[in-house]
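A.B. asks: Below is the structure I would like to discuss, written out as structure tokens.
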Amino acid sequence: MLEVVIGVIGFAVYGFFILLIWQLSFWWFMPYLVLSLLTFIVYGHDKRSAQLNTQRIPERVLHGLALSGGWPGALLAQHQFRHKTQKQPFKAILWFTIIVNATCFMAICWFFGQTI
């Protein structure tokens, strides 16, 4: 639960500073929202597949979705479905993808400035 709270607060602070510093419109939030919803659904499907002992979603796909911007949905899905919460390597990679995604987005904003 603490990770979800940290993630949500972090995302809110991250968004606030992006909007404040680069004076961007709210459009930047839409890809995060869409990818988060998709990631949440995929995590739910993977959890169900694990329970039914059927073919699973590869972890690289889950991490790819998080890296591309679906990490808020990944954090919420981990908590909601209690999925992938005990695997330390998975959790470490997920937090790495969150840092990489946020850093890349801020670098793009910095490079392009207010033209975004």
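A.B. asks: Condition first: surrounded by fewer than 20 Cβ atoms within 10 Å (Cβ to Cβ), assigned to a helix (DSSP H, G or I) and either among the polar types (S, T, N, Q) or touching a residue at least 40 places away in the same chain (Cβ under 8 Å) (or both). Now tell me which residues in segment 54-90 satisfy that.
C.D. replies: SER68, LEU76, HIS79, GLN80, GLN88
A.B. asks: Just to be sure I understand the filter: pairs with C-beta atoms under 8 Å, separated by 6 or more residues or on different chains, first member in segment 26-47 and assigned to a helix (DSSP H, G or I), second member hydroxyl-bearing (Ser, Thr, Tyr). Which pairs pass?
C.D. replies: LEU35/SER68
A.B. asks: Just checking, how many residues over segment 40-50 are closer than 15 Å to THR85 by Cβ and not aromatic (Phe, Trp, Tyr)?
C.D. replies: Result for segment 40-50: 4.
A.B. asks: What tally of residues in segment 41-51 results from selecting those that are modelled with pLDDT under 95 and either among the aliphatic types (A, V, I, L, M) or closer than 18 Å to ILE9 by Cα (or both)?
C.D. replies: 1
The values are calculated or read from the model by the stated rules, or taken from the named source; none is laboratory data. These numbers come from a predicted model, not from an experiment. Cβ atoms come from the backbone with ideal geometry, glycine included; neighbour counts cover every protein chain shown.
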